[in-house]
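Remarks on the structure that follows.
The values are calculated or read from the model by the stated rules, or taken from the named source; none is laboratory data. The shown structure was predicted, so the numbers you read here are calculated from the model rather than taken from an experiment. Ideal geometry is used to build each Cβ from the backbone, glycine not excepted, and the neighbour counts take in all protein chains shown. Areas reflect the complete protein model, heavy atoms only, side chains present, ligands, DNA and RNA absent. Shrake-Rupley method; radii C 1.70, N 1.55, O 1.52, S 1.80 Å.
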Amino acid sequence: MTRPYSNDLRERVVRAHLDGEPIRSVAARFGVSVSSVPKWVARYRATGSVAPGRIGGHRPWLLEPHRESVHALVAATPHLTLDRLQEQLAHEGIAACRDTIWRFLPPYSPDLHPIEQAFAKIKHWMRDAQMHTVEDTWRHLGALLATIEPRECQNYIRNAGYGST
């Protein structure tokens with residue numbers, strides 16, 4: 001994530017606009033986006049300050065009041081998928097979408113499966129290949145899958161903590 005613009009720049013942008021300069025002109029002169037100017041002016045008018053708000057992390061977890069229930073369900077049945085966990089929570093009268101459940105799950109989740117390591121490698125190769133047709137994409141994907149050796153799969157499984165497998 002990028003850092004916010006300095007307060008000095010923000011103050012100069014707001015002052016220029018409040019002095020009557022059009023938004024597009026101010027944006028061009030100071031090298032900021034056209035959408036930033038009215039946002040900074042609005043913030044200044046509302047709060048008297050151009051300082052940026054907090055970046056990220058300021059939205060509370062919607063399941064915070066149910067944290068103990070979620071963690072207890074995962075601890076009792078660690079192989080739960082997100083869909084199954086969503087069903088379990090709904091059964092307890094807690095409505096939440098998969099994304100909401102996923103965001104503060106405990107560090108291990110069945111969705112972080114050893115197969116994800118192989119998928120990451122394949123996705124990297126696919127981005128490098130830059131195939132332009134669906135047929136070429138499928139053909140290339142098939143060739144890539146053939147290059148993953150059983151020993152490599154064993155390493156993915158061991159790396160994910162399934163050492164006895």
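Just a few scattered comments:
- Filter pass, Ala42 being at pLDDT below 95, surrounded by fewer than 11 Cβ atoms within 10 Å (Cβ to Cβ) and farther than 30 Å from Glu92 by Cβ: no
- Close pairs from segment 137-160: first assigned to a helix (DSSP H, G or I), partner open to solvent by 70 Å² or more (accessible area, probe 1.4 Å) and among the acidic types (Asp, Glu), Cβ under 9 Å, at least 6 apart: Tyr156/Glu116
- Residue check, Arg24 within 32 Å of the chain's Cα centre (by Cα), surrounded by fewer than 11 Cβ atoms within 10 Å (Cβ to Cβ) and more than 21 Å from Arg54 (Cα to Cα): yes
- Elements of type helices (runs of 4 or more DSSP H) in segment 3-89, at least 3 residues being out of contact with any Asp or Glu (no Cβ under 8 Å at 6 or more places or on another chain) and in contact (Cβ under 8 Å) with a residue 24 or more places away in the chain: 7-18, 36-47, 67-76
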